[in-house]
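There's a structure below that I have some questions on.
Read-outs throughout are calculated quantities, based only on the coordinates presented, and are distinct from any laboratory measurement. Model, not experiment: these values are computed from the prediction. Note that each Cβ is placed from the backbone with ideal geometry, even for glycine, and that neighbours are counted across all protein chains shown.
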Amino acid sequence: MPATSVAVLGSTGSIGTQTLDVVADRPDEFDVVAIGAARSVGMLIEQASRFRPEVVAIADASLAAEVVAGVPDGTEVLAGPDAMADAAVIAEVAINGVVGFAGLPVTLATLAAGKRLGLANKESLIAAGPVVQRARSTPGAELLPVDSEHCAVHQCLRANDVDERVSRIVLTASGGPFRGRSADELATVTVEAALDHPTWTMGQKVTVDSSTLMNKGLEVIEAHELFGIDYDRIDVVVHPQSIVHSMVTFSDGATIAQLSNPDMRLCIGYALAWPDRLDVSYGEIDWSRLDRLDFEPPDRQAFPCLGLAFTAGREGETAPAWLNAANEVAVEAFLDGTLSWVGISELLAEALDAWPGDRADDVDAVLDVDRRARVAARALVVARA
C-alpha cells in the first residue's frame, strides 16, 4: 500500500514538529511532501534536509532567497502569504498547525480541494465558521480536529450514529497554571508564570490563552462549529490531571469519555490514520499508577474570558472573529509587557462591546472584521498604557 502523502503547515511550531515526529515513527506509512512556516528559516531548512519534501513554503517572502539557498537541490520553494495554502493542496492530508488567524487560508484551500484536513488551528473555525462550513461541504473534504478536547469528542461520537441521541458535550480544562488563585494573586501574574503550564507543552500564545481560559472559550466555539451542538448543550469542567480529554453524554444518560496521558501525538496520529488508528502508542495510561480523577466547575469570575467566548459564540456571525482578533492583540501586548494579565480580559470585554454586528457572508467580510478588530484592540492597549 503506498504511503499517504502529508503536508505539514506550521511545521516549525509545536504541532508541526510533533507531526513530523509521528511521521518519522512510521516512514513506510507517511510521506512528507510539503512543509511550511511563517519565518523560522533555520529550522525549516533543517526539516527540509531531513524529510526531503517536494515543496517548502515560507510566508515571509523577504526570506525566500535564504530558504532557496538552504534547502536540498530540486526542492520547490513557495513564498508569500498564499504559499502555505498552495503547499497544503499537493498532499492527501494536510496538518494545519499555523498559529492564529493566519491559518485560515490553509484550512479553506485544503477543504476546497476535497482533501483531509487535520486542524490544529482552531482560529479558522472560530473566526470564519460559516465560511469554513461551506468549504467543508466540498466532495471528498474531511475535517479531523487535532487538539485533545475535540479529538476526544470526535472519538466519543463514534459510539453512536444518531445525532439526535447526543445530549451534551463536556469539554475538560486543566485549569491552567492559575487554578484556585484569588483575584489579588491574579493581579500580579507575570509572563513567566503564565507560560508555566502544569500539564501541556505548547506555544506561547496558546499557553497564555490556557492561563486565562480563553483557550477553552475558543474551544467551545470550535465545538459548536465542528459538531453542530447548541451552546446551551456544551459544558466546561476543570480536570487538573488532564487525563479525561472530553466527554459526550447521550440521551439515555450514558457518558462516553476519552482518556489518555497528555500527548498531542495521539491526536495527530488519529487525524493521519483516519478512519484507522496507528499501532504506535502515544499517551497510554498505566492504570496501576492512576489514583484519582478530579473535576470542578470553572471559576468564571476569576476567569471571565470563558464567559466572553460563550457570549461571542451565541452572538454568532463575525462576533467570534472580532473576539479572536482582539485576543491575539491582547496576548501579544501581555507577552511584550504592555498589558497586564488581568488587563487581557478587561480589554476583551471592552472590545466585544464594540463589535459592530457585521455578518460573516464571505472570506472578505471576515478578513475585514479581523483587521478592524485588531485596530480597535491596539487602540485599547494604547489607552491603557
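Rank by packing, highest mean first: peptides 90-98, 222-230, with packing defined as the count of other Cβ atoms within 10 Å averaged across residues.
90-98, 222-230
On the principal axes of its Cα set, how long, how wide and how thick is segment 4-146? Give whole Å, largest value first.
Reported extents, whole Å, longest axis first: 41, 35, 24.
Do any cysteines in the chain lack another Cys Cβ under 4.7 Å, and if so which?
Cys with no partner Cβ under 4.7 Å: C156, C305.
Separate question: State whether segment 166-212 is rounded, prolate or oblate according to the following rule on the C-alpha gyration tensor (a ≥ b ≥ c being the square roots of its eigenvalues): a/c under 1.5 gives rounded; otherwise a/b larger than b/c gives prolate, and the remaining case gives oblate.
It comes out oblate by the Cα gyration axes.
Under the definition of Cα pairs under 8 Å and six or more residues apart, what whole-number percent is the relative contact order of segment 153-288?
33 percent
How do 241-247, 148-154, 73-79 rank on mean C-beta neighbours within 10 Å, highest first?
Highest mean packing first, the order is 148-154, 241-247, 73-79.
Turning to a different aspect of this structure: Given an 8 Å cut-off on Cα distances and at least 6 residues of separation, report the relative contact order of the chain as a percent.
14 percent.
When you count, for each residue, the other Cβ atoms within 10 Å and take the mean per peptide, how do 361-372, 34-45, 111-122 rank with the highest first?
111-122, 34-45, 361-372
Positive end of the charge dipole of segment 4-146 (Lys, Arg +1 and Asp, Glu -1 on Cβ, about the Cα centre): tell me which of V22, A38, A128 has its Cα farthest that way.
A128
If you count the DSSP beta bridges with both ends in the chain, what percent of them are antiparallel, to the nearest 5?
Percent antiparallel among DSSP bridges in the chain is about 25.
Over all directions, what mean area does the Cα convex hull of the chain project, stated in square nanometres?
19.3 nm²
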